[in-house]
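First up is the structure itself, then whatever we jot down about it.
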Amino acid sequence: MTEERIFLSSPHMSDEGYEKKFVEEAFDTNWIAPLGPNVDNFEKEFSNYIGIDNAAALSSGTAAIHLALKAAGIRQGDIVFCPTLTFAATINPVIYERAIPVFIDSGEKTWNMDAKALEQAFLKYPEVKAVIVVHLYGLSADMDAIMELCRKHKVVVIEDAAESLGTLYKAQYTGTFGDYGIYSFNGNKIITTSGGGMLVSKQQEKIEKVRFWATQSRDAARHYQHSELGYNYRMSNVLAGIGRGQLKVLDERVEKKRKIYKKYQAGLSDISEIGWMPSNEWDYANYWLSCITVNGAVTPTQIMDALEEKNIESRPIWKPMHLQPYYAKYSYIGNGFSEDLFNKGICLPSDTKMNEKQMDQVIEIIRSLYK
Ligand SMILES: *Cc1c(COP(=O)(O)O)cnc(C)c1O
């Protein structure tokens with residue numbers, strides 16, 4: 001008998017059954033469609049939570065990035081600055097629009113887009129049209145420094161907050177600093193609708209346009225008339241019901257993720273070969289994934305193998321985009337920090353359903369390698 005698998009981050013429905021109640025309502029009223037009261041209410045409740053007026057519920061975070069780029073007017077041949085250390089979903093929509101990504105390195109202070117590297121990029125590519133900023137693993141990028149540079153150069157800012165819902169930068173939610181913010185409700189995110197996303201903006205007319213594009217760009221005519229290219233990107237009313245229920249437990253989930261990270265720190269901080277995620281006075285992080293870096297004789301692979309042997313999931317830090325076969329042909333500005341993180345980093349299991357015993361087990365397995 002092997003023990004029950006411990007996951008990196010898996011779906012965690014509320015004990016109260018909020019999600020089921022909203023989904024049942026959708027069934028009872030036959031709103032099994034990519035529109036309906038759960039979609040409208042999820043948008044409103046989500047907007048209220050993060051403190052921004054306009055939100056469009058979409059089929060994925062990737063769809064949200066795609067429509068943010070369209071709303072920003074990004075077209076073929078436009079340059080878009082992107083972090084190199086991220087999940088491919090941040091970058092793929094840039095290619096959907098036939099724009100050109102330029103990859104910016106991360107910095108030690110935040111693990112996110114380095115303001116100095118960004119400044120260099122502006123010197124090299126003054127014609128850039130937009131910047132995508134990511135808040136990786138729930139750590140916030142240094143938004144003041146980044147926004148100052150972006151405003152000076154008059155570029156559109158898209159914040160990819162897919163991993164950082166609930167993270168605050170200087171007491172303001174990540175995803176609300178730029179012109180557009182996007183969130184993901186994929187199955188592994190801090191709250192989930194099984195699959196889904198949200199696009200937010202202070203500009204109401206842009207969000208209205210996004211809803212139009214996301215429902216096949218149907219003009220206001222009785223017959224089916226289309227003056228623009230459309231997409232089928234709306235969130236289902238059934239899934240929005242799950243989202244409404246999950247939103248009620250988001251604060252609890254953030255608290256638990258923070259507790260997991262603190263527990264790992266308490267259990268492992270005396271091992272000098274292990275490094276930790278940066279913490280900054282401005283940051284209230286959701287610690288979507290607890291990550292460490294390892295120096296010395298024990299390798300990340302040895303740690304991941306030892307965990308896997310006990311049926312515990314872990315994985316390396318994201319492989320930087322400029323090192324991906326598909327993306328290697330695009331420019332990269334930096335000095336190798338994110339590559340170093342990739343080589344040394346591990347994401348530890350950060351599942352909010354974990355109990356104390358399971359966290360202790362992870363700590364013990366890692367400690368045993370240093371004996
Ligand atoms: C998950 C994720 C996305 C994509 O979200 P989906 O809902 O899976 O399309 C985008 N960016 C980052 C950084 C992510 O982690």
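The values are calculated or read from the model by the stated rules, or taken from the named source; none is laboratory data. Every value quoted in this text rests on a predicted model; they were computed, and no experiment measured them. Virtual Cβ from ideal backbone geometry, glycine too; neighbours counted across all protein chains shown. Quick note on the areas: whole protein, heavy atoms, side chains included, nothing else; ligands and nucleic acids left out. Shrake-Rupley method; radii C 1.70, N 1.55, O 1.52, S 1.80 Å.
Computed over the chain with a Gaussian network model linking Cα atoms closer than 10 Å, the most mobile of Asn41, Asn188, Asn237 is Asn41. Among the listed pairs Lys189/Lys248; Lys248/Lys357; Lys44/Lys129; Lys70/Lys189, a Cα-Cα separation exceeding 21 Å is found for Lys248/Lys357; Lys44/Lys129; Lys70/Lys189. Take the chain with all the other protein chains still there, run a 1.4 Å probe, and you get 44 Å² of accessible area per residue. Inter-part distance, segment 314-348 to segment 1-24, computed on C-alpha centroids, equals 31 Å. Ranked by solvent-accessible area (1.4 Å probe, protein heavy atoms only, all chains present), the residues Tyr332, Tyr224 order from largest to smallest as Tyr224, Tyr332.
One Cα centroid belongs to segment 43-88, the other to segment 152-175; the line between them spans 11 Å. Other residues with beta-carbon under 13 Å from the beta-carbon of Lys189 carry, at +1 per Lys or Arg and -1 per Asp or Glu, a net charge of -1.
Placing one identical point scatterer on every Cα of segment 168-299 and ignoring solvent, what is log10 I(q)/I(0) from the Debye formula at q = 0.20, 0.22 Å⁻¹? Scattering profile of segment 168-299, log10 relative to I(0): -1.24, -1.35.
Note on segment 104-131 and segment 215-260: Cα centroid distance 31 Å, given to the nearest whole angstrom.
Its alpha carbons considered, segment 18-247 gives a radius of gyration followed by a Dmax of 17.5, 58 Å.
For the chain, the residue among Gln216, Ala141, Gln358 whose Cα projects farthest onto the positive side of the dipole built from Cβ charges is Gln216.
A Cβ-based charge dipole, computed about the Cα centre of the chain with Lys and Arg at +1 and Asp and Glu at -1, lands at about 640 debye. Our helix-only sum for the chain, with -39,500 (n - 2.57) per DSSP H run of n ≥ 4 divided by its residues, gives a mean residue ellipticity at 222 nm of -11000 deg cm²/dmol.
Taking the Cα of Leu229, stepping 7 Å toward and past its beta carbon, and measuring to each backbone N in segment 98-116: which are under 11 Å? Counting backbone N atoms under 11 Å from the label point, the list is 98-99. May I ask you to list the residues of segment 1-33 whose amide nitrogen lies under 20 Å from a point 7 Å from Cα along the Cα→beta-carbon direction of Glu308? Within reach of a label on Glu308: 2-10. Would you mind checking Lys116/Lys170; Lys310/Lys353; Lys263/Lys371; Lys170/Lys257; Lys21/Lys262 for any pair whose Cα atoms are more than 24 angstrom apart? Where the Cα-Cα span goes over 24 Å, the pairs concerned are Lys21/Lys262. Trp31 contributes an accessible area of around 100 Å² to the protein surface, as traced by a 1.4 Å probe with all chains present.
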